[in-house]
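J.: I'd like to ask you about the structure that follows.
The values are calculated or read from the model by the stated rules, or taken from the named source; none is laboratory data. These numbers were taken from a predicted model, which means no experiment stands behind them. Cβ placement follows ideal geometry from the backbone for every residue including glycine, while neighbour counts extend to all protein chains displayed. Quick note on the areas: whole protein, heavy atoms, side chains included, nothing else; ligands and nucleic acids left out. Shrake-Rupley method; radii C 1.70, N 1.55, O 1.52, S 1.80 Å.
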Amino acid sequence: MSFNFKDLDLSDVSADGGPVSNYIDVGKHNVKIIDAAVEQCANPKHYRVRVNFADEKGRTIRNDFNVVNKSAQAVEIGKAQLKSLLEQAKHPNPDNPEDISTLKGLSVMIDVKMGKPREIGGPSYPEIKSYEAASKPVDTKIDDEIPF
């Protein structure tokens, strides 16, 4: 079977109101780490820790922490932010977490603010600016089932 876009007929389809934002917005939120991984960046000599968070409504946000980079300042900032996350999330060993899987399931409170645009005149996006101890454990409503 082949598909030709010019043959697409939507006359019997009702319009959807558009996607609902599933991203955590500005403010303080109790979240749970739903995934964490060490990733190689575009530069094969650079590595980051990528952490994905979700709140009780299933809204998500992620943060990347530079851990290997030619910029010593980027590494210093990344490691300091990661240590803050680990301490505030009550990781059992924030000085030497050893296994990336030990981050998954930790709860923490994040403070989200709008970040600087990545390019002149470009849009800005919500960013995690700080971490605090969670006021309660977080039970996320993440639904991994795709309806198709």
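J.: Among (1) open to solvent by 80 Å² or more (accessible area, probe 1.4 Å); (2) part of a loop (DSSP other than H, G, I, E, B); (3) at pLDDT 85 or above; (4) of a type outside the set (Val, Ile, Thr), which single condition is PRO19 missing?
T.: Going through (1) open to solvent by 80 Å² or more (accessible area, probe 1.4 Å); (2) part of a loop (DSSP other than H, G, I, E, B); (3) at pLDDT 85 or above; (4) of a type outside the set (Val, Ile, Thr) one by one, PRO19 breaks only (3).
J.: Only one residue in VAL75, VAL67 is in contact with a helix residue (DSSP H, G or I) (Cβ under 8 Å, 6 or more places away or on another chain) and hydrophobic (A, V, I, L, M, F, W, C), so which one is that?
T.: Exactly one residue qualifies, and that residue is VAL67.
J.: Still on this structure: With the structure loaded, tell me whether ALA80 is open to solvent by 40 Å² or more (accessible area, probe 1.4 Å) and among the small types (Gly, Ala, Ser) or whether it fails that test. Write out each step before concluding.
T.: Values: open to solvent by 40 Å² or more (accessible area, probe 1.4 Å): yes; among the small types (Gly, Ala, Ser): yes.
It is true that ALA80 is open to solvent by 40 Å² or more (accessible area, probe 1.4 Å) and among the small types (Gly, Ala, Ser).
J.: What number of residues in the stretch 31-50 are surrounded by fewer than 17 Cβ atoms within 10 Å (Cβ to Cβ) and free of Cβ contacts under 8 Å to residues at least 40 places away in the same chain? First the steps, then the outcome.
T.: If we filter the stretch 31-50 for residues that are surrounded by fewer than 17 Cβ atoms within 10 Å (Cβ to Cβ), which is where we start, we get 35, 37-45, 50.
This time we only want the ones that are free of Cβ contacts under 8 Å to residues at least 40 places away in the same chain, so: 39-45, 50.
Of the residues in that region, 8 qualify.
J.: Still on this structure: Give the residues of the stretch 100-131 that are among the aliphatic types (A, V, I, L, M), surrounded by 13 or more Cβ atoms within 10 Å (Cβ to Cβ) and part of a loop (DSSP other than H, G, I, E, B), sorted by residue number. Spell out the reasoning first.
T.: Narrowing the stretch 100-131 to residues among the aliphatic types (A, V, I, L, M): 100, 103, 106, 108-110, 112, 114, 120, 128.
Narrowing the set further to residues that are surrounded by 13 or more Cβ atoms within 10 Å (Cβ to Cβ) leaves 100, 103, 106, 108-110, 112, 114, 128.
The one that is among the aliphatic types (A, V, I, L, M), surrounded by 13 or more Cβ atoms within 10 Å (Cβ to Cβ) and part of a loop (DSSP other than H, G, I, E, B): LEU106.
J.: Checking SER84 against (1) at pLDDT below 95; (2) under 17 Å from the mean Cα position of the chain (by Cα): exactly one of these is not met. Which one?
T.: Answer for SER84: the failing condition is (1).
J.: How do the pairs read when you match residues in the stretch 54-70 that are closer than 25 Å to THR140 by Cβ and open to solvent by 60 Å² or more (accessible area, probe 1.4 Å) with residues anywhere that are among the β-branched types (Val, Ile, Thr) and part of a strand (DSSP E or B), using Cβ under 8 Å and keeping only pairs 6 or more apart or on different chains?
T.: As it stands, the answer is ARG62/VAL51, since those pairs meet every condition given.
J.: Being outside any helix (DSSP H, G or I) and touching a strand residue (DSSP E or B) at 6+ places or on another chain (Cβ under 8 Å) is true for just one of ASP64, ASP95. Which residue is that? Reasoning before the result, please.
T.: Numbers: ASP95 fails: touching a strand residue (DSSP E or B) at 6+ places or on another chain (Cβ under 8 Å).
Just a single option satisfies the conditions, and that option is ASP64.
J.: Of the residues ASP99, ASP144, ASP139, which single one is farther than 24 Å from VAL26 by Cα, at pLDDT below 95 and within 17 Å of the chain's Cα centre (by Cα)? Full working, then the answer.
T.: Values: ASP99 fails: within 17 Å of the chain's Cα centre (by Cα); ASP139 fails: farther than 24 Å from VAL26 by Cα.
Just a single option satisfies the conditions, and that option is ASP144.
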